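The values are calculated or read from the model by the stated rules, or taken from the named source; none is laboratory data. What you see is a predicted model, and the numbers here were worked out from it, not measured in a lab. Cβ sites come from the backbone with ideal geometry, for glycine too, and all protein chains shown count toward neighbours. Surface accessibility is based on the protein's heavy atoms, side chains included, excluding ligands, DNA and RNA. Shrake-Rupley method; radii C 1.70, N 1.55, O 1.52, S 1.80 Å.
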Amino acid sequence: MDYNFKQIESKWRQRWNDQQTYRVEIDNSRPKYYVLDMFPYPSGAGLHVGHPLGYIASDIYSRYKRLCGYNVLHPMGYDAFGLPAEQYAIQTGQHPAVTTEQNINRYREQLDKIGFSFDWNREVRTCDPAYYKWTQWAFLKMYAHYYDRTARKALPISALEERFAERGTDGLDAACTAEMRFTAAEWTSWDEARREQVLQNYRLAYRADTMVNWCPKLGTVLANDEVKDGLSVRGGYPVEQKRMKQWSLRVTAYAQRLLDGLDTLEWSESLKEIQRNWIGRSVGAQVFFDIEGSERKLEIFTTRPDTIFGVTFMVIAPEHEWVSELTTPDNRAAVEGYIEQTKKRSERERIAETRRVSGVATGSYAVNPFTDKAIPIYISDYVLAGYGTGAIMAVPAHDSRDYAFARHFGLEIVPVVEGGDIEKESYDAKSGRMINSGFLTGMDVKEAIPAMFDEVERRGLGKRLVNYRLRDAIFSRQRYWGEPFPIYYKGDTAYPLSEDKLPLELPPIENFGPTEQGEPPLARVKGWTTEEGYPLELSTMPGFAGSSAYYLRYMDPHNDKALVSKEADEYWRSVDLYVGGIEHATGHLMYSRFWNMFLYDLGYVCEQEPFKKLVNQGMIQGRSNFVYRVVGTNKFVSLGLRAQYETQEIHVDVNIVRNDQLDLEAFRRWRPEFADAEFILEDDKYICGWAIEKMSKSMYNVVNPDNIVENYGADTLRMYEMFLGPIEQSKPWDTNGIDGVHKFLRKFWRLYFDRDGKLALTDEAPTAAELKSLHKTIKKVREDIENFSFNTSVSAFMICLNELGQCRKRAVLEPLAILIAPFAPHIAEELWETMGHNASVFDAAYPDYDEAYLEESAFEYPVMVNGKLRFKQEYPLSATAADIQASVVKAEGAQKWLAGKTPKKVIVVPGKIINIVI
RNA sequence: GCGGAUAUGGUGUAAUUGGUAGCCACGUCAGACUUAGGAUCUGAUGCCGAAAGGCGUGGGGGUUCGAGUCCCUUUAUCCGCACCA
């Protein structure tokens, strides 16, 4: 009886489902382990063969951990809110809930075929009201808290109100949108709306007028991580900067903790680096510059206070609040023209034209506090409104952008650091001796920086300040298919719904586009108000809202009293191993950490970091195949002969190509126009060309895992995906080669059974060689799993099989069946049961190796002469280096190469190598 | 421009972490069994060479008895950030 994978796999799929094999509960008698995959967005296209790569790796790991005695939490769910379903709804009128449900069912069907050990009782869907109740709950908590820098944690906003009533802002160091100063008396004198406006400045979830990424085509604002090169990540539509009133999360409050936390995580260095860059910490100073003829002072941020003596002008962003105020009547026309021109340019154009210098003078002057000279204030779009204060002190001698600007406008360039030639270019390096700099002159830059910090603070011009590139996350989307905000309005003032009103359910709707007035779709809903008739917020939450705490919900998915119970949280704690794509580096992985830290501050969770160890699986690219049509005919010429013809390259469906050889009949059936195709063959075969491209429908290179499972079985798919190469590496999918793994599994099967399908194991004692082979494999496989090196463990199984030959001994094959179980669970279960075990193979103990079987008594040394391998010589392992040194020269092999000469040196590394240097 | 990663046969890859480069597969070639083969089994397969031997881990240089691995330099590809003051 041959290896009937179809029968075996459907049997065990059924059995695992019926017996709830992978259901897990809290079990204080066993150590826990939490293995998580990034849950998928259920798209209409279904899974392709690249998606399960990470799932298979994590499944192998969790099955392994389970076999090692851990209580393993390994859940799966769906990130079900989002733009694509809604775009589809706008086009077709189908409700996103319907298409999402369909897609989820399709995903589930596909996932089930691969034999994952997910506990489906814990499934979550972000679009389920019972789930998003807790998304809304967390939002309300953020709304009701502010971040106190002194306490280094989030505190209730009510405490802030009390504080304001007692002493105003005196002594307060809190994360806020703009620094505020007021007294207790002022606070008490304000009305409710005014106070609320002030509190919005501090809330961790707040509504404010801010510069946002507006995507007109999608009709919504987007967060920074949803925009790339001035285009939306979803859809690739142009994005522009616009000032709008939007909800945001004060992620920046946690910037330092998000940065510090990275050091405690087992993440790849490159991923940590991406997050560090995204947070973008820079240490510098805030400095206030006097403005001539004004009481106000222009605030700037600089990391080079040492160069203040070289400041010869200042530049503010076109969007700066004071533009109008600083513009003198003579310059008004020019300034307004410039601003108009900047507005018209999209973000994308602005990025493309970074080299071009543009700007205009305001006519106002500031005063350099150290040289006392009047310096002109300019407007230019090379200064960004969103970073620092949107204003800079320009040091043309030591900043290349300021230099280009000064050259263009003929402004003064005063060098203050020695080195470089300011006639040619600016000298940006942070080293050298200070010149033309008053009290700093003669110091090195490294001394001058702290000296100037001190001086600025002493003279009350400003203070040391740490700045972050990280922006607060814009949290509202003018969309339908997302979580509604538990917020209502009285006039323009926002109020939270009370927690007992949650979940605030998304109302049904038929038209999914924006209204004619450009309002979000929820504006169409009659009665989208509170019971008292106050209007509810019309925007919904963004995609990352639902994915920010889903790992917590898996711990306790059916709890309607809390996001996660104390008991469940304290048992499961945090994710021990998280597997997913690197594309979430600055989005989901950032927001989740923020969300979790916030819940940690409030005492709802016991771990500060949600994902202890993280593995990024590589992207799977497509491998396209081509046929070559002779131009103007319906003849197709094989790859090797195409040079003789004028041909046209056409993508052909990879599913009708095998090992680059075209299935001619299937090709004729593929599309009607090829029904009577003729072929020019080489060696009676049609060989296709190939290329590595993105996996997509239009390239006909999408490989569906269902087809692989159908033809080879899930166990083959699982092992082959691992065999393909290191898990972190991006690589093209190539079905060529899957035969090797399939062949291995068939051979493996045939080791246990005779021709009639009867178990053919013997109770004979294994030989030393067999035991050595077994224990070597156990050792290798265990180590490889721990190191996430699954490709080499698959190889180890193949080597073991080659070494075992026809060994049918139970003492060898029984542990081998358990050893392979994480990789090929179906076949392992079947073998285990056939061998007479009642319980699942996953209730067994994972085999461990015994060093004793691996020991060698003698070692055949490779002997090198002058670094080149010349002969081999065996010595017992007990032989000392000195013994070998003395005797190896006398060996027959050595005599030939020495040719009578005396060696200069003989190097012996016991157990490794001998090198004779002549 | 800054930061990170990668580079090994025709292909995917491996290398006890400084110690016999190419394990394990795919592919190819030869053979066996076959009416047949997208089945199975055996053998060969880095390059040059008849052989002895030589050359080989993107290129150049260095350290070392010994380098795919360490150091310097250079090239190519991929990814992230990018007028961040």
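Is there a quick way to get the dipole size of segment A:292-343? I mean about its Cα centre, with the Cβ of Lys and Arg at +1 and of Asp and Glu at -1; what is the value in debye to the nearest 20? Walk me through the intermediate numbers first.
Working: 5 positive and 10 negative charges, 28 e Å.
Value, rounded to 20: 140 debye.
Work from the charge dipole of segment A:241-377 (Cβ charges, +1 for Lys and Arg, -1 for Asp and Glu, about the Cα centre) and give the residue of A:THR342, A:MET314, A:VAL357 farthest towards its positive end.
Farthest towards the positive end: A:THR342.
What is the log10 of I(q)/I(0) for segment A:1-96, computed with the Debye formula using one identical point scatterer on each Cα and no solvent, at q = 0.24, 0.25 Å⁻¹?
Debye output, listed in q order: -1.26, -1.29.
Might you tell me the accessible area per residue for segment A:100-146, computed with a 1.4 Å probe and given in Å²? Don't skip to the answer; put the middle values down first.
Details: 1400 Å² over 47 residues.
Accessible area per residue: 30 Å².
For segment A:180-233 and segment A:842-886, what is the separation of their C-alpha centers, rounded to whole Å?
Cα centres, segment A:180-233 to segment A:842-886: 69 Å.
Leaving out ligands and nucleic acids, note down the accessible area per residue over segment A:392-510 with a 1.4 angstrom probe, in whole Å². Could the numbers behind the result be given before it?
Values: 5610 Å² over 119 residues.
Each residue of segment A:392-510 exposes 47 Å² on average to a 1.4 Å probe.
Would you work out what percent of the accessible area of segment A:386-461, with all protein chains in place, is carbon or sulfur (probe 1.4 Å)?
C and S atoms contribute 51 percent here.
For helix A:400-409, what angle does its Cα long axis make with the longest principal axis of chain A, in degrees from 0 to 90 and rounded to 10?
40 degrees
Order the following by accessible area, largest value first: A:ASP27, A:ASP191. Probe radius 1.4 Å; ligands, DNA and RNA are ignored. Please report the intermediate quantities before stating the final value.
Values: A:ASP27 40, A:ASP191 95 Å².
Per-residue accessible area, sorted high to low, gives A:ASP191, A:ASP27.
Using only Cα atoms, locate the centre of segment A:610-652 and the centre of segment A:733-809, then give the distance between them in Å, rounded to an integer.
Centre-to-centre distance over Cα atoms comes out at 35 Å.
Which of the listed residues, A:VAL35, A:THR100, A:LEU67, is farthest toward the dipole's positive end in segment A:19-121, when Lys, Arg count +1 and Asp, Glu count -1 at the beta-carbon?
A:LEU67
Please give the charge dipole size of chain A, origin at the Cα centre, charges +1 on K and R Cβ atoms and -1 on D and E Cβ atoms. Round to the nearest 20 debye. Walk me through the numbers on the way to the answer.
Numbers: 111 positive and 130 negative charges, 343 e Å.
Charge dipole of chain A: 1640 debye, to the nearest 20.
Where a Cα-Cα gap under 16 Å defines reach, which lysines qualify for A:LYS779, not counting those fewer than 8 residues away within the same chain?
Candidates past the 8-residue exclusion: A:LYS65.
Using mean Cβ contacts within 10 Å as the protection proxy, how do A:596-607, A:847-858 order, highest first? Walk me through the intermediate numbers first.
Values: A:596-607: 19.8, A:847-858: 12.2.
The packing order, highest mean first, is A:596-607, A:847-858.
Given A:LYS32/A:LYS612; A:LYS272/A:LYS430; A:LYS245/A:LYS343; A:LYS11/A:LYS809, which pairs have Cα atoms separated by over 24 Å?
On the way: A:LYS32/A:LYS612 14 Å; A:LYS272/A:LYS430 26 Å; A:LYS245/A:LYS343 18 Å; A:LYS11/A:LYS809 26 Å.
Flagged as over cut-off: A:LYS272/A:LYS430; A:LYS11/A:LYS809.
Using alpha carbons only, how many degrees (0 to 90, rounded to 10) separate the axis of helix A:269-279 from the longest principal axis of chain A?
The helix A:269-279 is inclined about 10 degrees to chain A.
If you roll a 1.4 angstrom probe over the protein chains with everything in place, what fraction of the accessible area of segment A:89-211 belongs to carbon and sulfur, to the nearest %?
Values: 2490 of 5390 Å².
The computed percentage sits at 46.
Measure nothing fancy, just the Cα-based angle from helix A:714-723's long axis to the longest principal axis of chain A, in degrees from 0 to 90, nearest 10.
For A:714-723 against chain A, the angle is about 70 degrees.
Taking 1 over the mean of 1/r across every pair of different Cα atoms in segment A:830-918, what Kirkwood radius in Å do you get? Spell out each step's value before the answer.
Numbers: mean 1/r = 0.0624 Å⁻¹.
Its Kirkwood hydrodynamic radius stands at 16.0 Å.
Tell me the accessible surface of A:CYS807 in square angstrom (1.4 angstrom probe, heavy atoms of protein chains only), to the nearest ten.
Counting only protein heavy atoms, the figure is 10 Å².
With the full set of protein chains in place, find how many percent of the accessible area of segment A:593-694 is carbon and sulfur; take the probe as 1.4 Å. Please list the in-between numbers first.
Working: 2230 of 5010 Å².
Answer for segment A:593-694: carbon and sulfur cover 45 percent of the accessible area.
Based on Cβ point charges of +1 for Lys and Arg and -1 for Asp and Glu, what charge dipole magnitude is obtained for segment A:729-883 about its Cα centre, in debye rounded to the nearest 20?
Working: 18 positive and 24 negative charges, 137 e Å.
Value, rounded to 20: 660 debye.
Ranked highest first by average number of other Cβ atoms within 10 Å, how do A:223-235, A:572-584, A:134-146, A:507-519 line up? Mind showing how you got there, number by number?
Numbers: A:223-235: 17.1, A:572-584: 20.5, A:134-146: 22.2, A:507-519: 12.6.
For the peptides A:223-235, A:572-584, A:134-146, A:507-519, the packing ranking is A:134-146, A:572-584, A:223-235, A:507-519.
Which lysines have a Cα less than 24 Å from the Cα of A:LYS896, not counting those fewer than 8 places away in the same chain?
Here the lysines satisfying the reach criterion relative to A:LYS896 are A:LYS868, A:LYS872, A:LYS904, A:LYS905, A:LYS912.
How much accessible area per residue does segment A:772-881 have, in Å², with a 1.4 Å probe? Please list the in-between numbers first.
Working: 4740 Å² over 110 residues.
That works out to 43 Å² for each residue.
I need the shape label for segment A:515-589. Rule: rounded when a/c is under 1.5, else prolate if a/b > b/c, else oblate, with a, b, c from the alpha carbon gyration tensor. Display every interim value, and only then the final one.
Numbers: a/c = 4.84, a/b = 1.67, b/c = 2.89.
Because a/c hits 1.5 or more and a/b fails to exceed b/c, segment A:515-589 counts as oblate.
Divide by every residue of chain A the summed helix terms, -39500 (n - 2.57) for each DSSP H run of at least 4, and state the resulting mean residue ellipticity at 222 nm, rounded to the nearest 500 deg cm²/dmol.
Roughly -10000 deg cm²/dmol at 222 nm, from the helical runs in chain A.
Along the charge dipole of chain A, Cβ charges K/R +1 and D/E -1, which of A:GLY410, A:ALA394, A:VAL654 sits furthest on the positive end?
A:VAL654
Which peptide among A:411-417, A:656-662 comes first, and what is the full order, when sorted by highest mean count of other Cβ atoms within 10 Å?
Working: A:411-417: 20.6, A:656-662: 18.1.
Top to bottom by mean Cβ count within 10 Å: A:411-417, A:656-662.
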